[in-house]
Amino acid sequence: MPVPVPEATVARLPLYLRALHALAESGRGTVSSEALAAAAGVNSAKVRKDLSHLGSYGTRGVGYEVEELVFEISRELGLTQGWSVVLVGVGNLGHALAGYGGFAGRGFRIAALLDADPARVGELVGDQRVQHVDQLAEVVRATGVTIGVIATPAQAAQQVCDALVDAGVTSILNFAPVVLSVPDGVDLRKVDLAVELQILSFHQHRRTALRESREVLA
């Protein structure tokens, strides 16, 4: 049975992997925990502890072999399997996601695009022809997809989510601005761009207020 890896560590592994890919592209063969921590935006103690869960401890005075660590983290994240993904919702955001070239190099392949809009169905996006969402179950069976991405309007997202689950999809990434319900055994992740901007707005507002208060006191 695989040794459990803490969720906090799992959340940081993609950060390390992104940093390592950049280091590899720049020709770096080794990296210290301090340099990797700086590139990933965490502290070096976390890096060493996180990587110890993978059985990777580096070499004193040398650090970690970049390519070896890329492989270890990719394997731990399951990226060496080459996952197929179905994307539902081919509006502006869906188009951008479908056209993103970075998925293939990170272990993912867009296997199918689906939409409910008759004007979208049949459209060629990249090398994929948009299919009607009614074909979802058939597409999942034919492609063996287990990961679904929802980029629909909010009002359609739960229905699409239910259809993905019914079709056998067990991992879902939701971009729709709504909270979805899934049964036990299905992993759901949410990306809400508006929420992230609102958090940035909070911090910007605080900085502005602090600056103005200092100017008043000056």
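Where a number appears in this text, it was derived from the coordinates with a stated rule and is not lab data. Please read these numbers as outputs of a predicted model, since none were measured by experiment. Methodologically, a virtual Cβ is constructed for each residue, glycine included, from the backbone with ideal geometry; neighbour enumeration extends over all protein chains shown.
Can you list the chymotrypsin sites (Phe, Trp or Tyr not before Pro) in region 4-76 that are in a DSSP coil and have 14 or fewer other beta carbons within 10 angstrom?
Counting only loop positions with at most 14 other Cβ atoms within 10 Å, the chymotrypsin sites (Phe, Trp or Tyr not before Pro) in region 4-76 are Tyr57.
If a/c stays under 1.5 just call it rounded; otherwise compare a/b with b/c (prolate if a/b is bigger, oblate if not). Do that for region 82-194, with a ≥ b ≥ c from the square roots of the Cα gyration tensor eigenvalues.
Because its axes are fairly even, with a/c under 1.5, region 82-194 counts as rounded.
Where the centre of each part is set by its Cα atoms, how far does region 117-144 sit from region 186-211, in angstrom?
What the calculation gives is 33 Å, centre to centre.
I need the shape label for region 7-79. Rule: rounded when a/c is under 1.5, else prolate if a/b > b/c, else oblate, with a, b, c from the alpha carbon gyration tensor.
Rounded, because the longest to shortest axis ratio a/c is under 1.5.
Once semi-axes √(5λ) of the Cα gyration tensor in Å is worked out from the coordinates, which option in (i) 36, 20, 15; (ii) 29, 20, 18; (iii) 34, 27, 17 does it equal?
(iii)
Against the longest principal axis of the chain, how steep is helix 7-25, in degrees 0 to 90 to the nearest 10, with axes from Cα atoms?
80 degrees
Summing -39500 (n - 2.57) over the DSSP H runs of n ≥ 4 in the chain and dividing by its residue number, what mean residue ellipticity at 222 nm do you reach, to the nearest 500 deg cm²/dmol?
-14500 deg cm²/dmol
Pick out which of Arg75, Arg60, Arg48 has the largest mean-square fluctuation in a Gaussian network model of the chain, springs linking Cα atoms closer than 10 Å.
Arg60
Ranked from highest to lowest mean number of other Cβ atoms within 10 Å per residue, what is the order of the peptides 184-191, 156-163?
156-163, 184-191
Please list the non-local residues whose amide H lies under 5 Å from the amide H of Ile110, H modeled 1.01 Å from N, same-chain partners needing a gap of 5 or more.
Val85
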